[in-house]
1. ALA76 is checked against (1) modelled with pLDDT under 95; (2) more than 16 Å from LYS341 (Cα to Cα); (3) of a type outside the set (Asp, Glu) and fails just one. What number does that condition carry?
2. Taking SER289 as the residue in question, decide whether it is closer than 21 Å to ALA60 by Cβ and touching a strand residue (DSSP E or B) at 6+ places or on another chain (Cβ under 6 Å).
3. Pick from ILE92, ILE111: which is out of contact with any Ser or Thr (no Cβ under 7 Å at 6 or more places or on another chain), at pLDDT below 95 and not in a loop (DSSP other than H, G, I, E, B)?
4. Step by step: first the residues of region 225-275, then only those that are in contact with a helix residue (DSSP H, G or I) (Cβ under 6 Å, 6 or more places away or on another chain), of a type outside the set (A, V, I, L, M, F, W, C) and not in a loop (DSSP other than H, G, I, E, B), then the one that is surrounded by the fewest Cβ atoms within 10 Å (Cβ to Cβ). Which residue is that?
5. Picking from PHE128, PHE162, which residue would you name as being aromatic (Phe, Trp, Tyr), assigned to a helix (DSSP H, G or I) and surrounded by fewer than 24 Cβ atoms within 10 Å (Cβ to Cβ)?
6. Can you say whether ASN221 is in a loop (DSSP other than H, G, I, E, B) and closer than 25 Å to GLY336 by Cα, as far as the supplied structure shows?
7. Among the listed residues ASN311, ASN298, which satisfies the condition of being farther than 22 Å from LEU96 by Cα and part of a loop (DSSP other than H, G, I, E, B)?
8. Against the definition (touching a Pro at 6+ places or on another chain (Cβ under 9 Å), part of a helix (DSSP H, G or I) and not charged (D, E, K, R)), how does GLN192 come out, yes or no?
Amino acid sequence: MEKEFLPAGILVILIIAALLAAGCTGPIVSPAPSPGETAVVTPSPSPGATTTSGDASSVAEANNRFAYDLYPALAAIPDNANRNLFCSPFSISTALAIAGEGANGKTADEILSVLHLPKDSATRRTGFAGLNARINNASADYTLRTANALWAEKTYEFLPSFTETARQYYSANTTNLDFAAAPEESRSAINQWVLEKTEKKIRDLLPQGSINSLTRLVITNAIYFKGTWARQFDANLTRDAGFTTSTGQITKVRMMQDSGEDAKYWYAETADLQYIELMYSQKTERSLSMVVLLPKGNDLRLAEAALSESNLSALKESAQHRTVEVYFPKFRMETGYELAKPLSAMGMPTAFIPGSADFSGMDGTHELFISNVFHKAYIDVNEEGTEAAAATAVVMQLRGAPSGGKTPVFRADHPFIFLIRNNGSGEILFLGRVSDPAAG
């Protein structure tokens with residue numbers, strides 16, 4: 001009879017993204033509280049975490065490659081067929097990178113490969129520190145904040161090297177909780193932290209039963225964004241309109257619109273696709289924007305095929321700042337995913353296998369494994385702006401829109417892809433698709 005394997009320690013990763021629509025406050029990191037207290041964590045550049053723009057760019061590029069891989073993995077989940085999708089690749093990548101700091105051997109190799117992160121730990125760590133410092137920039141016109149935290153079983157010993165790396169480079173303080181004797185109280189404390197960090201947009205991230213007496217560590221990342229459009233839509237012009245969903249049904253939505261000589265946007269198109277950047281109000285030109293990929297027709301695959309660094313770069317470089325007649329739906333959605341299966345399919349299965357996972361960099365043993373990765377995200381797009389809380393090659397022949405002639409019409413009355421990008425550092429913060437704006 002085979003001996004039953006009883007896992008000695010469970011690692012849970014929680015990833016939260018909240019995106020709204022017009023100004024907000026964000027997360028905060030304070031010193032780790034005493035056991036049993038709930039940590040309030042706010043990232044800030046840590047002493048000793050020297051960063052370079054090259055390292056940050058390297059991590060940003062890795063995050064984008066991960067985003068392009070993650071989208072089809074989520075879309076392939078049967079329950080997601082013809083449904084809205086929304087996630088924060090940056091949030092997921094950050095939380096997994098923290099877990100990767102405690103991984104060794106095959107487990108570490110798979111995590112780094114899936115995330116496309118540099119194997120050099122110095123480059124990786126200073127890159128994340130640099131990106132987090134840029135994101136948590138209090139001088140911006142919009143609010144964009146991220147927070148990381150570690151939640152540890154109070155009776156379990158973690159290596160100081162792991163917790164210090166998490167603190168120094170990821171601004172993740174450690175809070176001790178009593179998972180063994182009080183799993184539900186611990187779950188409530190973590191969910192309360194999530195609620196605070198996302199301005200009450202993400203509730204009950206950890207479902208009942210997700211924490212038990214074998215849980216040893218929970219890693220959380222929360223990202224929150226709230227910004228106003230550089231050119232806001234006039235609410236008086238918003239009208240009811242039809243939207244043809246991915247299943248061919250026509251649903252009623254509230255369609256925003258903008259037109260006239262002053263309605264200038266960065267715009268490009270191909271034979272099959274329209275590209276537009278909806279800029280957020282900011283002091284630095286083109287520093288943050290929502291990029292929308294709209295197929296000419298109701299075949300969303302044409303937009304999905306454009307999700308690559310080369311295609312998006314080509315579209316961005318060909319875009320002209322010109323007058324565009326824009327019709328864009330208001331929408332709000334909240335999504336939730338358990339990512340263990342998609343991440344395993346993407347190439348990092350070992351981290352989830354008891355007895356095979358190697359997180360000895362966390363505790364000096366081979367007893368820890370990841371039980372699940374929970375991700376929730378929220379987005380609200382309206383006339384004022386956006387609030388949010390987290391292998392097919394296509395050769396595209398660009399056809400730059402001429403500066404003169406007929407004004408192009410960008411009418412998003414059928415499914416489209418959108419992403420929110422930090423144009424300064426290049427990383428994709430949020431990524432999604434709208435199949436039905438009325439579905440929520």
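1. Here ALA76 meets the rest and fails (2).
2. yes
3. When all the criteria are applied, what remains is ILE92.
4. GLN257
5. PHE162
6. no
7. Checking each option against the conditions leaves just ASN298.
8. Criteria not met by GLN192.
The values are calculated or read from the model by the stated rules, or taken from the named source; none is laboratory data. What you see is a predicted model; the values in this text were computed from it and never measured. Every residue, glycine as well, gets a Cβ built from its backbone with ideal geometry; the counts of neighbours run over all protein chains shown.
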